[in-house]
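J.: I'd like to ask some things about the structure below.
The values are calculated or read from the model by the stated rules, or taken from the named source; none is laboratory data. Bear in mind that the values here come from a model prediction, so they are computed numbers and not experimental data. Heads up, the Cβs are rebuilt from the backbone with ideal geometry, glycines too, and the neighbour counts pull from every protein chain shown.
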Amino acid sequence: MLRLKRRSSLVAAASVFAALYAVLGAVPISRLVLGQGNFLTASNFVTPLAGMLFGPLVGAASAIVGDVVDSGAGYVSLAGTGLAVLAADVATVVTAGLAFSGKRTAAAVALVFVLVVYWVDPLSVLFVGPIPFTWLHMLSLGILIPLLALEGRGVITKLNPVFVTGVTFAALMCGQLTGTVVGQNLAVRVYGVLSVQDWRNLVPVFFPLYPVERMFFTAVGSLVSVPVMRALSQRRGSVPK
């Protein structure tokens, strides 16, 4: 995580990142089921990196600015159910930011909290056939907790590709589930664009797709984040561990 001596330098760096985030947000990858016709975009490749570099608060602000710029440019809609996109991005950044700023327990709790919220929400589809909807989210948590423990004990560093990949994976899964919780409540309870039964019929349609999308974004995001974090660790004002 960057630790620049001057607050102005941190703001400047985060602003540059927000601009990059906005540019990548204009590159569509796959259409979202909910979210005002929005797409998953190339910005997902660097969403966890925002948290790794700037921490949960500044990183989240950077992602929000990028999303707002994309909204103003017409690349994304944050109106109506589109707010689910913003919620997913913030959750992703915060999870990665907590892990890289040394708040290991909070990073794990963030994902556990979202899982519990999803499980207790009456709108949630808990199983698709015999398979739990959150099976991949629970797997990411099972990977994240040991990695955080190993990093806390000094067995591995934050620059270890396994650590970066594990955090990227868990952060993206936290973002995906957050977006689902927010999206289903906006679509059914707030705006009424879907009935409860419509939503439950829709979940099995995208259930096979989200693991593929998350694994793809994890792979590419890790390939981007590892060299960036290593390069910055050699510069003054960054932390190599």
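J.: Here is a list: ALA87, ALA96, ALA63, ALA108. Which entry is assigned to a helix (DSSP H, G or I), farther than 25 Å from ILE29 by Cα, in contact (Cβ under 8 Å) with a residue 12 or more places away in the chain and touching a helix residue (DSSP H, G or I) at 6+ places or on another chain (Cβ under 7 Å)?
T.: On the way: ALA87 fails: farther than 25 Å from ILE29 by Cα; ALA96 fails: farther than 25 Å from ILE29 by Cα; ALA63 fails: farther than 25 Å from ILE29 by Cα.
The conditions single out ALA108.
J.: Still on this model: Please work out if VAL190 is surrounded by 15 or more Cβ atoms within 10 Å (Cβ to Cβ) and either of a type in the set (Val, Ile, Thr) or more than 22 Å from ALA60 (Cα to Cα) (or both).
T.: Working: surrounded by 15 or more Cβ atoms within 10 Å (Cβ to Cβ): no; either of a type in the set (Val, Ile, Thr) or more than 22 Å from ALA60 (Cα to Cα) (or both): yes.
It is false that VAL190 is surrounded by 15 or more Cβ atoms within 10 Å (Cβ to Cβ) and either of a type in the set (Val, Ile, Thr) or more than 22 Å from ALA60 (Cα to Cα) (or both).
J.: Only one residue in PRO161, PRO122 is surrounded by 15 or more Cβ atoms within 10 Å (Cβ to Cβ) and modelled with pLDDT of 95 or more, so which one is that?
T.: PRO161
J.: Residue check: is VAL58 at pLDDT below 95 and in a helix (DSSP H, G or I)?
T.: For VAL58, the condition - at pLDDT below 95 and in a helix (DSSP H, G or I) - is met.
J.: Among LEU83, LEU57, which is the only one that is surrounded by fewer than 17 Cβ atoms within 10 Å (Cβ to Cβ), farther than 19 Å from PHE169 by Cα, under 15 Å from the mean Cα position of the chain (by Cα) and not aromatic (Phe, Trp, Tyr)? Break it down into steps so the answer makes sense when it comes.
T.: Values: LEU83 fails: surrounded by fewer than 17 Cβ atoms within 10 Å (Cβ to Cβ).
None of the other options fit; the residue is LEU57.
J.: Please count how many residues of segment 185-235 are outside any helix (DSSP H, G or I) and more than 18 Å from PRO132 (Cβ to Cβ).
T.: Result for segment 185-235: 7.
Residue-by-condition table, conditions (1) more than 14 Å from the chain's Cα centre (by Cα); (2) within 29 Å of VAL27 (Cα to Cα):
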{"position": "ASP70", "(1), (2)": "yes, yes"}
{"position": "THR92", "(1), (2)": "no, yes"}
{"position": "SER101", "(1), (2)": "yes, no"}
{"position": "VAL112", "(1), (2)": "yes, no"}
{"position": "PRO122", "(1), (2)": "yes, no"}
{"position": "VAL125", "(1), (2)": "yes, no"}
{"position": "THR134", "(1), (2)": "yes, yes"}
{"position": "MET138", "(1), (2)": "yes, no"}
{"position": "LEU150", "(1), (2)": "yes, no"}
